[in-house]
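What follows is a set of notes on a single structure, which appears directly below.
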Amino acid sequence: MLNFWPVYKREVKTYFQSPSTYVVLALFFLIVSLIYQDLMTVFSSLSASAGQQSMFGQTNQAPNVTDFVIRQTFQILTSLVMFTIPMLSMRLVAEEKNRGTFELLVTCPLGDWAILMGKYLALVTVGLVIVILSGVYPLIAWWMGRANGAAPEWPIVVSCWIALLLIFSAYSAFGVMASSFTENQISAGIVTLIGLILWNVLGVFQMEKYPKVREILTEFSAGEHTENFIRGVLMLKDFAFYILASFLFLFIASKTLDARRWRI
């Protein structure tokens, strides 16, 4: 497991030398930026309106920049990550199988976990880049709001961006798992997308007759565990949820590779 470094270096190099990675990232930040611009425009308009009304003795509370901009931006980011992961992860194992290089890889003195960890951590590295670059959005909100004291609540900002990295990591593990199931990249991408959507909507199924089942499904929903982070509350159970989910998906992927290794 600890000798994943050669695989990691190769995958990171592949990611950052591939035009498709930059196309995906460009589309990601284009969509986020357009929505963010609309949020800031509406927020500025509402803040200006509240300021004018206060000048005439009318009470109209100005919107909170953390609630109106930061939290909504975080929700947009997490939603787009769900659609971005399939495009970034679908090639990780499926491409190796399709090209026939997987057989060569498994005959090297590398364990299944070393192969998976190298590929997984390379994808998480791309996620870390996304998280760091997306940090510009709360900085813009702070810069534009510093004149009238509408600064973001930084503990909530930090909490949300920690959650974004955890979510990206868990989704990446799911993508690696899905990619290990097939030789077809498109199939891997579709399985990843459908799986992530279902994982997020587990808690919305209407099961009035089975409240315990609904409670369990809600607890296992990926979206449910973002609520505390959005409020700025860091709870061990939420960290554990995403970390254990990542481990589970990688474990399933390792067993899939192990089964194929025996067939080679």
If you take the residues of segment 66-101 that are free of Cβ contacts under 8 Å to residues at least 12 places away in the same chain, more than 15 Å from the chain's Cα centre (by Cα) and in a helix (DSSP H, G or I), which of them is nearest to L30 (Cα to Cα)? D67
On the given criteria, is L30 more than 20 Å from I132 (Cβ to Cβ), open to solvent by 50 Å² or more (accessible area, probe 1.4 Å), of a type in the set (A, V, I, L, M, F, W, C) and modelled with pLDDT of 90 or more? no
One residue from Y210, Y242 being surrounded by 15 or more Cβ atoms within 10 Å (Cβ to Cβ) and either among the acidic types (D, E) or over 28 Å from S47 (Cα atoms) (or both): Y242
Options A151, A188, A178: the member that is touching a Gly at 6+ places or on another chain (Cβ under 7 Å), aliphatic (A, V, I, L, M) and crowded, with 17+ Cβ neighbours inside 10 Å: A178
Does segment 111-134 contain at least one residue that is at pLDDT below 75, in contact with a helix residue (DSSP H, G or I) (Cβ under 6 Å, 6 or more places away or on another chain) and open to solvent by less than 10 Å² (accessible area, probe 1.4 Å)? no
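Does segment 135-159 hold any residues that are part of a helix (DSSP H, G or I) and either more than 17 Å from F29 (Cβ to Cβ) or among the hydroxyl-bearing types (S, T, Y) (or both), and which are they?
Hits for segment 135-159 are Y137, W142, W143, M144, G145, W154, P155, I156, V157, V158, S159.
Select from segment 154-175 the residues that are crowded, with 18+ Cβ neighbours inside 10 Å and either more than 22 Å from L139 (Cα to Cα) or among the β-branched types (V, I, T) (or both) and list them in ascending order.
Pass one, segment 154-175, residues crowded, with 18+ Cβ neighbours inside 10 Å: 156-157, 159-161, 163-164, 166-175.
Correct list: I156, V157, I167, S169, A170, Y171, S172, A173, F174, G175.
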Kindly indicate whether any position in segment 96-107 is open to solvent by less than 50 Å² (accessible area, probe 1.4 Å) and either modelled with pLDDT of 70 or more or in contact with a His (Cβ under 9 Å, 6 or more places away or on another chain) (or both). yes
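Please state which one of S49, S45 is out of contact with any strand residue (DSSP E or B) (no Cβ under 8 Å at 6 or more places or on another chain), in a helix (DSSP H, G or I) and modelled with pLDDT of 80 or more.
On the way: S49 fails: modelled with pLDDT of 80 or more.
Going through S49, S45 in turn, the sole match is S45.
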Per the filter on segment 1-20, residues part of a helix (DSSP H, G or I) and either among the hydrophobic types (A, V, I, L, M, F, W, C) or under 20 Å from the mean Cα position of the chain (by Cα) (or both) are W5, V7, Y8, E11, V12, Y15, F16, S20
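For segment 140-149, how many residues meet the condition of being within 16 Å of Q72 (Cα to Cα) and in contact with a Pro (Cβ under 9 Å, 6 or more places away or on another chain)?
2
Output yes when any residue across segment 142-161 is among the small types (G, A, S) and within 15 Å of A245 (Cβ to Cβ), and no when none is.
no
The values are calculated or read from the model by the stated rules, or taken from the named source; none is laboratory data. Source: prediction; values computed, not measured. Glycine also receives a Cβ, built like all others from the backbone with ideal geometry; neighbour counts cover every protein chain displayed. Areas reflect the complete protein model, heavy atoms only, side chains present, ligands, DNA and RNA absent. Shrake-Rupley method; radii C 1.70, N 1.55, O 1.52, S 1.80 Å.
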